[in-house]
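Visitor: Structure provided below as structure tokens; questions to follow.
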Amino acid sequence: MRGIFIVLAVSWLLCLPSQAQDTLRITLTGDILLDRGVRQVIDGHGMDCLFSADIDSVLQQSDVVIGNLECPATTIVAPVMKRYVFRGEPGWLTDLRRHGVTHLNLANNHSIDQGRRGLEDTWLNISKAGMTPIGAGHNMQEAAAPVLISERPRRVWMLASLRLALENFAYLPDQPCVSQESIDSLATRITRLKAADPSCYVIVSLHWGWENHTEVLPQQREEAHRLIAAGADCLACHHPHTLQEREDYRGKPIFYSMGNFIFDAQREMNRQGCMVRLHITATEAWAEQVDTVIEKGSFKIQKLKGSYRPSA
């Protein structure tokens, strides 16, 4: 395998509202794997080869970049008994930060691949690399707590939850774990955040859905609508490893699956993904989708047809 390259498909289809200096720009990405085939590429060519100049330009023009880390990043080797077990090197986190990543979501089914100590060590290593971990903690209360992303131009909160059962891993809410907060509890938290600060912006990231399928499950749609009704402003989700539909519900964007971002994807359906870019001012917000593709063995930048209409 010569290389795995993330390349950008520009989808600025419509004119966006003018962006004043008080606009907060948040970019969210799909799944980031730092093991298996990606490990081979990093060992042979370094982390920089995973980022094209176009991808870097998007990330570096963002105030906040939130990725979903699909592996622990730790020197602790204590694999859980399951089919797919991953582990990345802690030093690679510094490279992610250098390319613009500021936050890493751990509320997924691979953060615990090296056990609870591996999860705790990953949390510490993310912090040491200058980034903020989301969706994990010393107990479930900490893991599920909303994370304040920014206070300007208004407060922006993020809630993350793994909505899948963990394989061969006991649910012990008093021990180090990832957030597995229920939809009921998420809706209650969102309602309380909005009651305390009606102008705040709430992002929800769920790890859910049907793996390797492009269809959204009816239960997902029902739960997403419920969270929007509770006050969520945007849902940006992952796990299927495929790009799924985006829906506007009550004027709020729902990205059911952003697909893969850094991944050793082989099939075409697993190489398509997107970044979600949020533009937030004191009084309004809009979202846009930037399509991406993971390209193997070539430096060619492949452009995709965009299909996302920015929404106010």
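Visitor: Within 18 Å of Leu59 (Cβ to Cβ), open to solvent by 40 Å² or more (accessible area, probe 1.4 Å) and either part of a loop (DSSP other than H, G, I, E, B) or modelled with pLDDT under 90 (or both), is that true of Ile301?
Guide: Yes, satisfied.
Visitor: Residues being farther than 17 Å from Ile26 by Cβ, open to solvent by 20 Å² or more (accessible area, probe 1.4 Å) and touching a residue at least 24 places away in the same chain (Cβ under 8 Å): count how many of those fall in the range 268-294.
Guide: So the count comes out to 3.
Visitor: Okay, next question. Does Pro133 satisfy the criteria of being over 21 Å from Ile32 (Cβ atoms) and either at pLDDT 95 or above or over 16 Å from the mean Cα position of the chain (by Cα) (or both)?
Guide: So Pro133 fails the test.
Visitor: Considering the range 164-188 alone, what residues qualify as being more than 17 Å from Arg116 (Cβ to Cβ), open to solvent by less than 30 Å² (accessible area, probe 1.4 Å) and out of contact with any Asp or Glu (no Cβ under 6 Å at 6 or more places or on another chain)?
Guide: Correct list: Glu181, Leu186, Ala187.
Visitor: Would you mind finding the one in His213, His241, His207 that is touching a residue at least 24 places away in the same chain (Cβ under 8 Å) and touching a helix residue (DSSP H, G or I) at 6+ places or on another chain (Cβ under 8 Å)?
Guide: That would be His241, the only listed residue that is touching a residue at least 24 places away in the same chain (Cβ under 8 Å) and touching a helix residue (DSSP H, G or I) at 6+ places or on another chain (Cβ under 8 Å).
Visitor: So for the range 87-107 (the condition being polar (S, T, N, Q) and touching a residue at least 60 places away in the same chain (Cβ under 8 Å)), does at least one residue qualify?
Guide: yes
Visitor: Further question on the same structure: Need the failing condition index for Arg226 against (1) basic (Lys, Arg); (2) surrounded by 18 or more Cβ atoms within 10 Å (Cβ to Cβ); (3) modelled with pLDDT of 95 or more, just the number.
Guide: (2)
Visitor: Quickly run through the range 51-91 and pick out the residues that are open to solvent by less than 30 Å² (accessible area, probe 1.4 Å), at pLDDT 95 or above and not in a loop (DSSP other than H, G, I, E, B).
Guide: Val64, Val65, Ile66, Gly67, Asn68, Leu69, Ala73, Gly88, listed by residue number.
Visitor: Only one of Asp248, Asp233 is buried (at least 20 other Cβ atoms within 10 Å of the Cβ) and of a type in the set (Asp, Glu). Can you tell me which?
Guide: Asp233
Visitor: Which one of these does Trp12 not meet: (1) at pLDDT 95 or above; (2) open to solvent by 80 Å² or more (accessible area, probe 1.4 Å)?
Guide: Condition (1) is where Trp12 drops out.
Visitor: Does the range 161-183 contain any residue that is within 11 Å of Ala107 (Cα to Cα), part of a strand (DSSP E or B), free of Cβ contacts under 8 Å to residues at least 60 places away in the same chain and touching a helix residue (DSSP H, G or I) at 6+ places or on another chain (Cβ under 9 Å)?
Guide: Yes: the range 161-183 contains one or more residues that are within 11 Å of Ala107 (Cα to Cα), part of a strand (DSSP E or B), free of Cβ contacts under 8 Å to residues at least 60 places away in the same chain and touching a helix residue (DSSP H, G or I) at 6+ places or on another chain (Cβ under 9 Å).
Visitor: Here's something else I'd like to know. Starting from the range 40-60, keep only residues that are free of Cβ contacts under 8 Å to residues at least 24 places away in the same chain, then list their pairs with residues that are open to solvent by 60 Å² or more (accessible area, probe 1.4 Å) whose Cβ atoms are within a distance under 6 Å, requiring at least 6 positions of separation or different chains.
Guide: Sorted first by the residue in the range 40-60, then by its partner, the list stays empty.
Visitor: Are any residues in the range 92-130 of a type in the set (A, V, I, L, M) and open to solvent by less than 10 Å² (accessible area, probe 1.4 Å), and if so, which ones?
Guide: Within the range 92-130, Leu93, Leu96, Val101, Leu104, Leu106, Ala107, Ile112, Leu119, Ile126 meet the criteria.
Visitor: Could you give me the residue pairs with C-beta distances under 6 Å whose first residue belongs to the range 142-155 and is more than 16 Å from Asp233 (Cα to Cα), whose second residue is acidic (Asp, Glu) and part of a loop (DSSP other than H, G, I, E, B) wherever it lies, and which are 6+ apart or on separate chains?
Guide: So the pair list comes out as Ala144/Glu181.
Visitor: Being assigned to a helix (DSSP H, G or I), within 23 Å of Arg25 (Cα to Cα) and not aliphatic (A, V, I, L, M) is the filter here; which residues of the range 184-227 pass it?
Guide: If the condition is that a residue be assigned to a helix (DSSP H, G or I), within 23 Å of Arg25 (Cα to Cα) and not aliphatic (A, V, I, L, M), then Lys194 is the only one that fits.
The values are calculated or read from the model by the stated rules, or taken from the named source; none is laboratory data. Just so it is clear, the structure is predicted and the values come from calculations on it, not from any experiment. Methodologically, a virtual Cβ is constructed for each residue, glycine included, from the backbone with ideal geometry; neighbour enumeration extends over all protein chains shown. Each accessible area value is taken on the protein alone, full model and side chains, heavy atoms only, with ligands, DNA and RNA left out. Shrake-Rupley method; radii C 1.70, N 1.55, O 1.52, S 1.80 Å.
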